[in-house]
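Contents: one structure, followed by commentary.
The values are calculated or read from the model by the stated rules, or taken from the named source; none is laboratory data. In this text the structure is predicted, and so the values were computed from the model without any measurement. So basically every Cβ, Gly included, is an ideal-geometry build from the backbone, and we count neighbours across all protein chains shown. The area values use the complete protein model at the heavy-atom level, side chains included, leaving out ligands, DNA and RNA. Shrake-Rupley method; radii C 1.70, N 1.55, O 1.52, S 1.80 Å.
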Amino acid sequence: MTTGERGERHAEAFLRRKGYNIVACNYRTQYGEIDLICADAQYLAFVEVKTRSSTKFGAPCEAVTAAKQRKIILSAQRWLLHHPTELQPRFDVVEVLVSPDYTTCRINHIPDAFEVV
């Protein structure tokens, strides 16, 4: 399992513990991939998970560039076209910092990390 896959599993478990239902994992379109799509009573969150073993080159969320955001937004629009919902869509980022031996991790959930402009 890759570091990214491990991070996504940690993020999924974290979000479940926070009360989110996981609707889809690794949703792929011609535009790109959304790591997790999850819902609570109010929001349908399209979640980008960024996993790192250190912050030496910046915070994990800094890797969610404008280009990456556009791909996620286009993929989310495709999802919503095929899965209408009354929930408010939102774009979240989950940062996962793992220890070098993968025994511990720190998770930071950033709701509304970016928006459609």
Using a probe of 1.4 angstrom, how much of the accessible area of the chain is carbon and sulfur, in percent?
50
In the chain, once you exclude exposed GluC sites (Glu not before Pro) (DSSP loop, at most 11 other Cβ within 10 angstrom), what's the longest stretch remaining?
1-85
Does segment 45-100 come out rounded, prolate or oblate, given a ≥ b ≥ c as the square roots of the eigenvalues of its C-alpha gyration tensor, rounded meaning a/c under 1.5 and, failing that, prolate meaning a/b above b/c?
prolate
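If you take the square roots of the eigenvalues of the alpha-carbon gyration tensor of segment 1-71 and sort them as a ≥ b ≥ c, do you get rounded (a/c under 1.5), prolate (a/b over b/c) or oblate? Before the final figure, lay out the partial values.
Working: a/c = 1.68, a/b = 1.25, b/c = 1.35.
Verdict is oblate for segment 1-71.
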Largest to smallest accessible area among V93, V117 [probe 1.4 Å]:
V117, V93
In order through segment 99-114: 3J(HN,Hα) via Karplus (6.51 cos²θ - 1.76 cosθ + 1.60), integer Hz, x for Gly, Pro
6, x, 9, 6, 7, 9, 8, 10, 10, 10, 9, 10, x, 6, 5, 8
Using only Cα positions of segment 17-117, each an equal point scatterer, no hydration layer, compute I(q)/I(0) via Debye at q = 0.18, 0.24 Å⁻¹ and quote the log10 values to two decimals.
-0.86, -1.34
In terms of Cα to Cα distance under 20 Å, which aspartates and glutamates are near enough to K71, apart from those fewer than 8 places away along the same chain?
E5, E8, E33, D35, E48, E62, D92, E95, D112, E115
What's the ranking of 41-47, 18-24, 67-73 by average number of surrounding C-beta atoms within 10 Å, highest first?
41-47, 67-73, 18-24
Going by accessible area, probe 1.4 Å, with all protein chains left in place, what is the ranking of T51, T103, T2, T85, largest first?
T103, T2, T85, T51
With a 1.4 Å probe and every protein chain left in place, work out the accessible area per residue of segment 60-117 in Å², rounded to a whole number.
61
Cα axis of helix 3-17 to longest principal axis of the chain: angle in degrees, 0 to 90, nearest 10?
60
Taking amide H atoms as placed 1.01 Å from N in the peptide plane, list the residues 5 or more away in sequence, or in a different chain, whose amide H sits under 5 Å from that of V23.
I37, C38, A39
Dipole in debye (nearest 20) - the chain, about Cα centre, beta carbon charges: Lys, Arg +1; Asp, Glu -1
200
